[in-house]
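Some notes on the structure that comes next.
The values are calculated or read from the model by the stated rules, or taken from the named source; none is laboratory data. This structure is a prediction, so every number in the text was calculated from the model and none was measured. Cβ placement follows ideal geometry from the backbone for every residue including glycine, while neighbour counts extend to all protein chains displayed. Each accessible area value is taken on the protein alone, full model and side chains, heavy atoms only, with ligands, DNA and RNA left out. Shrake-Rupley method; radii C 1.70, N 1.55, O 1.52, S 1.80 Å.
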Amino acid sequence: MNEPRPRTGLPTWLGGTLLVLLGFQVGLLWMQGSLLERQHGDLVAMRQDIQDLAESLDQLTGAYDGSEDGTARPSSAAPAGRRPLVRVRLQEQDKDSNVPKDIADQRQAERDALAKAREVQSRLSLEENARKAEEKARREAEGRRYRPLVWGGVIVALAALFLRSWLRNRG
């Protein structure tokens, strides 16, 4: 006849429950990793945008050294990686100089540079938006590539648990 099985200290459902919980833990870790990777990509893109904006501002304003004779000339000692800060000194204005004409010329040059910068920025923003869209589509495709494997693994694990419990109850 059927003899009762000797009882161990642990319930029979504990092993299956632990496996399911471990499976869920692995799934959550995978999701967290994909979110962190996406966040890293966004931060890298933002950093690149900030660098591009800084470069365009440098091109817009131009880096000038102050000379002793009162004229401004472009600096040629700017390193490739980082641009040095340019200190501006107030210079005394000569009474015989044509200050209003210089100011008007400077303002016109600023307007021209600003218009040129806006034109370049609009072209760059279209190219940058296209690049960002391609990168986002690539990241999403990469994330979707593993989903069937994860769901397949979960289904196989659940089927194995049900098969194991059915075989135990049967035998």
Residues Gln32 and Leu149, FRET efficiency given R0 of 25 Å [Cβ-Cβ distance, rounded to 0.05]: 0.90
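Round to a whole number: what % of the accessible area of the stretch 120-171 belongs to carbon and sulfur, probe 1.4 Å?
Details: 2870 of 4500 Å².
That fraction is 64 percent.
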Note, ³J(HN,Hα) from phi for the stretch 34-44, Karplus 6.51, -1.76, 1.60, rounded to Hz, x at Gly and Pro: 5, 5, 5, 5, 5, 5, 4, x, 5, 5, 5
Inter-label distance for Leu22 and Ser56, nm, one decimal - labels placed 7 Å from Cα along Cα-to-Cβ: 5.3
Extension gain from Lys132 to Asp105, taking 0.36 nm per residue of separation minus the Cα-Cα distance: 5.8 nm
Accessible area per residue in Å² at 1.4 Å probe, computed on the stretch 95-145: 88
Backbone HN-Hα couplings from phi across the stretch 151-161 [Karplus 6.51/-1.76/1.60, Hz, Gly and Pro as x]: 5, x, x, 5, 5, 5, 5, 5, 4, 5, 5
